[in-house]
Amino acid sequence: MRSGCEIKSKSHIVNTKKKYSYDLLQRDLKDLKIKYSFITVEEIGKSVCGRSLYCIKLGYGSNKVFYNGAHHGLEWMTSLLLMKFIENVCKAYKSGKHIKGYDARELLKKSTIYIVPMVNPDGVELAINGLSKSHPYYNELLKWNNGSTDFSKVWQANAKGVDLNHNYDASFDLSKEAEKEHCILGPGPTRYSGECPESEPETKALADFTRKEDFKLVMAYHSQGKEIYWQYGNSTPQIARTIGEIFAEVSGYKLGEVTGIASYAGYKDWFIDKFKRPGYTIEVGWGKNPLPLTQFHQIYEDNEEMLILAGML
Ligand SMILES: [Zn+2]
């Protein structure tokens, strides 16, 4: 059992050398809250299997922005990225220091940053720890995963085989048509959009939370591709491209154009469509999901300034 004093004296809480499971997320949130009592941690909903969907709130400014990670099971690297960012902002804020050249106290005076680091904890658990015999959907998941017990290289969906980033109310009908063309007819590892928008507790919680708050800008973190997606048809506000170009410059990622099945029913699509404000999908890293931890350092370096600027622009 670690004491509060031990936690407070630790120089690092978030370990970037381990696959980022739900258990690690829970432990780190507890420790961060002990060390940095000024952060708020709340539960905005629960997953299909009853895991908490945590939201961390940093700052007290009027400029409200929202970042989320791991809509997709294999993409737990994005949870780790957001958690490390939270820790580093807290550290700089507490000590009155700068982070990437920006005054952390100014940042949190100007902005309130809300972060849900793990939208799909059940999917992350399947991707990292596999399918246990006691899983409430054991038989179904085996079937949806084509009879394989290996979820470590394919599983993006939640525990009901729904791809959460295809489960929002933005061109949902087109998403359904595109699925059929790709022969996706029901629950599975990826790209099945569910029976209707927000059919899943995870997407419903995120959409409800977004409707309740008044976010000026959102960023949904995914992997991989080193790309920034910023458009959703005619609903895209003009400022979105300008901000996107700044993001591209500080991250070294390129501004992308989405076409086909990936361009419907995602969180950022829904946000842009509903609120006509800038929303981004950021695809971190390069290679095949799940990305290796050896990429973490570079991913963090590429994204830190963007995460700060998104709160300040
Ligand atoms: Zn993704």
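Derivation of every value follows stated rules applied to the coordinates shown; laboratory data play no part. Note that this is a predicted model, so its numbers are computed, not measured. So basically every Cβ, Gly included, is an ideal-geometry build from the backbone, and we count neighbours across all protein chains shown.
Details
- Overall shape: oblate for the stretch 1-116, with the ratio a/c of the largest to smallest alpha carbon gyration tensor axis at 1.5 or above and b/c at least equal to a/b.
- Look at TYR253, TYR280 and count the other Cβ atoms within 10 Å of each Cβ; fewest to most, that gives TYR253, TYR280.
- Modelled spin labels at ARG211 and GLU195, positioned 7 Å past Cα toward Cβ, are 1.9 nm from each other.
- Distance violations [Cα-Cα > 20 Å] among LYS84/LYS153; LYS19/LYS204; LYS160/LYS268; LYS10/LYS33; LYS226/LYS274: LYS84/LYS153; LYS19/LYS204; LYS160/LYS268; LYS226/LYS274
- Whole-Å distance, taken between Cα centres, linking the stretch 267-313 and the stretch 76-92: 13 Å
- With contributions of -39500 (n - 2.57) from each DSSP H run of at least four residues, the per-residue ellipticity at 222 nm computed over the chain stands at -12000 deg cm²/dmol.
- Cross-link pairs LYS46/LYS216; LYS18/LYS176; LYS133/LYS254 - those with Cα-Cα distance over 31 Å: LYS18/LYS176; LYS133/LYS254
- Convex hull of the stretch 94-220 built on C-alpha atoms - directionally averaged projected area, nm²: 10.8 nm²
- Note on LYS17: aspartates and glutamates with a C-alpha under 19 Å away, same-chain residues under 8 apart excluded, are ASP28, ASP31, GLU75, GLU87, GLU125, GLU301, ASP302, GLU304.
- Over the stretch 197-301, the hull volume per residue, using the convex hull of the C-alpha atoms, is 120 Å³.
- Cα-based shape type of the chain, given that a ≥ b ≥ c are square roots of the gyration tensor eigenvalues and the cut on a/c is 1.5: oblate
- Options ASN165, LEU309, HIS12, ranked by Cα towards positive dipole end of the chain, top entry (Cβ charges): HIS12
- Equivalent ellipsoid of the stretch 132-172: semi-axes from √(5λ) of the C-alpha gyration tensor, largest first, are 23, 11, 8 Å.
- Three-way shape label, the stretch 264-313, alpha-carbon gyration tensor, a/c 1.5: oblate
- GLU42 versus SER132: modelled label distance in nm, points set 7 Å from Cα along the beta carbon direction: 3.0 nm
- Each Lys and Arg adds +1 at its Cβ and each Asp and Glu adds -1 at its Cβ; summed about the Cα centre, the chain shows a dipole of about 1200 debye.
- Sites ASP173 and GLU6, calculated FRET efficiency, Cβ-Cβ separation with R0 45 Å, nearest 0.05: 0.25
- Neighbour cut-off at most 13 other Cβ (10 Å), DSSP loop, trypsin sites (Lys or Arg not before Pro), the stretch 107-194: LYS133, LYS153
- Compared with the alpha-carbon gap, the fully stretched path from SER95 to GLN298 is longer by 70.6 nm at 0.36 nm per residue.
- Modelled FRET efficiency - R0 25 Å, ARG241 with LYS276, Cβ distances, 0.05 increments: 0.95
- Taking the charge dipole of the stretch 75-131 about its Cα centre, with +1 at Lys and Arg Cβ atoms and -1 at Asp and Glu Cβ atoms, the residue from ILE113, LEU126, ALA92 reaching farthest to the positive side is ALA92.
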